[in-house]
Structure formats: C-alpha cells, structure tokens
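Chemist: Below you'll find the structure I mean.
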Amino acid sequence: MIKCIGSMIMIMGSVLLTACVQTSGINRSDNAPPWLNGEPVSYPNSQYLSASGSASNLETAQDRALSNLAKIFEVQIQQVSSTREHIESQRKNDTETVSKQQTYHSSTNLYADKMISGARIAKQWLNSDDLTYYALAVLDRTQAGNNIRQQMQQLDKQTRYLLQQAKSRSDRLLEIADLASAWQLQQNRQLLQKTLKVIDLKGRGRPPHWQLTELKESLNHAMRGLPLNTGVTEDTVGGLAGILQGAARQAGFRPAPLTSRSGYWLEAAMQTRPTLYKAGWYWLQGNLRLTLRTDDKQTVVGYKSWPLKVSAQNEAQLKARMSQLMAKTLKQALFPSLLAFIKQ
C-alpha cells in the first residue's frame, strides 16, 4: 500500500558510505598477496567483513572492492529494487512500431552502499605482469553494528512517539497518519535488523519491540473506522464514481455516507480535452483531480492532480483505455495522496 523505497534510502542518511577511502600504499611486489586467495590475516572474519576488487586502474578497483563488500547485504534487502518501463509507439508507412525501454533502478545497491559506513580500503596491490590493480575493502563488524543499532534506536524512539500521539488523536485521519508513519518506520527497522544479523556473528541482531502485523492491523482498523464519503464533481469519461469507491476500498477504507460532523469528503473529477488525430493515431488527454474536504465541504484539506493521456488507432477505444488508466492511477496513488494531504 505504501511504497517505501524512497524513505528506506533516506532513513539511512546518517549511515552513509563515508567516502573515507583510507588507502594504504600500493604493494608492487611480483607475488600475489595472501588476501587475494583467502581470509586476510590482519582482518579476520571474526572482526571484519572483507571483499576484494580488481581493475585496470586503481580507482575502479577500489570502487569494485567496496561494491563487492556491499553485495554481502544484498540478499537481505532485495525487495527495495524496482524496474521502470517506458513504452513508445510510432507509426510509419502504415506500420506500427513499439519500442520499450526498461531501466533497472538498483535501490538495493544504493541501500547496501549506505549500510557499509566506515568501510575502507585496507590493502592494494599492482600486478606488474598485466598491470592490474587489486584492492581489499574491509568493514569493522563492531563499528558497523553500532551504527545500525543507533539507527534502530532512533526509529524505535520515533515509533513510540507516534503510537502515543495516535492514541490521543480526536481526528481519525490524523490517527491514521501517525499509525501509517509508525508502520513505515518499523518496516525500515526490519531491513536494518536483517542487515545487523549479517554483521552479528551470532545472527541475532536486535529483535523489534513491535510486530509489523500488529501495527498493520491497528492501521487497518483506524482506516475502516474513518467516516469517508466519496463523490464525483465532473466526469467526461464515465465510470469515475465506481473507480473512486473501488480505489478507496482497496486502500482499506469503507466509503459510506457521513453520520457525524467529524468525517471527510473525498471528491474526484476528470476533465478531458477534445480528441486529437495525428499520424494515424487518436489521442485523448485529460486531467484527473483528487480533493479531500472536511465534512462541511468548505475546507479543502488537500488536492492532487494527474495529467493522463492515451492513444488508439480506433477512436472508440479511447474512453475505455482512459478509464483503465484512471483506475490504475487512483489505486496506486489514493492512499499516499491522503497521507500527503495531512502532512501539508
């Protein structure tokens, strides 16, 4: 329901890779150093995590060593990766050409890099035979563990405050915002716990004070109890009322008529422009708008709009495609938008 990839990365701001690539002198001996083929004697596994990298230049070798060190954590945090896809269609000589560009956004690598605060280049070697540089990156287990525990302690402190604040809220929407933030913070903490268990030789880490399932159920209960009425102010496509109610239900709300003066009105509007025809294609553009108001409909809590565009070779298909795009947009963005309204 909440895409946490951005906040997961941001929360690690104080645990970032400190770029303090403290390098030792380059070993230029003819014999390969022992750390290339086994556990570094000076940096035993009981005290350090280590990884090596090689390249035709020293800087790249250092970067690869640090990257390989970060990969130790990748298995624990693969869920923060994402794929973005951009599709374009063109028509030439009565032939439709569809091109698809897919970009892999390696948030996993970014997150892992931030996990290795204090990592440094401890050893370097130049192979005189083929002029290849080798580097050894090391990370002190105690230092890294302490960094992560400090972050977990801060997340727990913030979570405790939010949960206490939620109990005192008289406005259910503000209570929902507190509970959602607490749940998100503990999701971030869960990733830290998984990483700490990699660093901790005993594999224990620091167990959480709150279970994610319990936090999620508290959030769902608050959402189900929010008096929320939905309505449509304009719809030039058709079917927006049903789409809005479906998106609200999927997010966890129960849209219903207001029974007290402590609820909210969630309104949607869709306004399209005249259909365009260009190069064998029909185009329909419009603007989808979501507005949250207080029960008197006079006070706007927040609003957000999305420019939407669809195309088809048959004009009759345009509204159906726009309707599908409207549904997809609201299902993905309704709940995050409501939370953003509260925090404005």
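Throughout, read-outs are computed from the coordinates displayed, never taken from laboratory work. As the structure is a prediction and not an experimental result, all values here were calculated from the model. In this analysis, Cβ positions are derived from the backbone assuming ideal geometry, glycine residues included, and neighbour counts consider all displayed protein chains.
Chemist: Need one number: nm distance between label points at residue 131 and residue 232, each 7 Å from Cα along Cα→Cβ, rounded to one decimal.
Modeler: 7.0
Chemist: Something else about it: Only four residue types carry charge here, +1 at the Cβ of Lys and Arg and -1 at the Cβ of Asp and Glu. Report the dipole size of region 226-343 about the Cα centre in Debye, rounded to the nearest 20.
Modeler: 300
Chemist: Check which residues have an amide H placed less than 5 Å from residue 301's amide H, if you skip close sequence neighbours.
Modeler: Amide H neighbours of residue 301: 292, 293, 294.
Chemist: Tell me, what HN-Hα J-couplings in whole Hz come from the Karplus equation 6.51 cos²θ - 1.76 cosθ + 1.60 at θ = phi - 60° for each residue of region 146-157, using x for Gly and Pro?
Modeler: 5, 4, 5, 4, 5, 5, 5, 4, 5, 5, 5, 5
Chemist: Could I ask something else about it? Modelled label-to-label distance, residue 256 and residue 317, 7 Å Cα→beta-carbon offset: nm?
Modeler: The modelled label-to-label distance comes out at 4.2 nm.
Chemist: With +1 on the Cβ of every Lys and Arg and -1 on the Cβ of every Asp and Glu, and nothing else charged, how large is the dipole of region 143-223 about its Cα centre, in debye rounded to the nearest 20?
Modeler: Dipole magnitude for region 143-223 comes out near 360 debye.
Chemist: Would you work out which of 219, 203, 181 lies farthest towards the positive end of the dipole of region 143-223, given +1 charges on the beta-carbon of Lys and Arg and -1 on that of Asp and Glu, about the Cα centre?
Modeler: Comparing the listed Cα positions along the dipole, 203 ranks first.
Chemist: Taking the inverse of the average 1/r across all pairs of different Cα atoms in region 226-343, what Kirkwood radius in Å do you get?
Modeler: Computed over Cα pairs of region 226-343, the Kirkwood hydrodynamic radius comes out at 14.9 Å.
Chemist: Skipping prolines and chain starts, which residues have an amide H placed within reach, meaning under 5 Å, of the one on residue 253, given they are 5 or more residues away or on another chain?
Modeler: none
Chemist: Using the Kirkwood formula on the Cα atoms of region 143-223, what hydrodynamic radius do you get, in angstrom to one decimal?
Modeler: About 13.2 Å, per the Kirkwood formula over Cα pairs.
Chemist: Return the sequence-ordered ³J(HN,Hα) values of region 266-272 in whole Hz as given by the Karplus equation 6.51 cos²θ - 1.76 cosθ + 1.60 applied to θ = phi - 60°, using x for Gly and Pro.
Modeler: 10, 10, 10, 9, 10, 10, 10
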